Amino acid sequence: MSTVWAILAMGAGVYALRLAGLALPDAAVPPVWRRALGFLPVALLTALVVSSLAGQVQGDPALLVAAAGAALVAWRTGRMRACILSGMLIYWILRLA
């Protein structure tokens, strides 16, 4: 039952944040916050990938190879879309082989 309350609380929090953004469209965001929010997509993607790979010692080796290939593409290009697409492409190719 506590899981349901946690999900409802998170949903209410997201709704409140979106409502605040609509209610305060002219509010100025400080430059420090704007710069920090620019790193949010990369941080979230990293958290999702690391949490999905954590503890998979006996897991699918294609996942690890795809993650390493995507990390290399991200390092060389600095583009998140290229990282995501290359990781997916490498994983799909390895799964077909």
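Of the helices (runs of 4 or more DSSP H) entirely within segment 1-82, those holding at least 2 residues that are more than 17 Å from the chain's Cα centre (by Cα) occupy 2-23, 31-38, 61-77. Being modelled with pLDDT of 90 or more, over 24 Å from residue 39 (Cα atoms) and out of contact with any His (no Cβ under 9 Å at 6 or more places or on another chain) holds for only one residue in 89, 72, 63, and it is 89.
The values are calculated or read from the model by the stated rules, or taken from the named source; none is laboratory data. Computed from a predicted structure; not experimentally measured. As a convention, Cβ positions derive from the backbone with ideal geometry for all residues, glycine included, and neighbour counts pool all protein chains shown.
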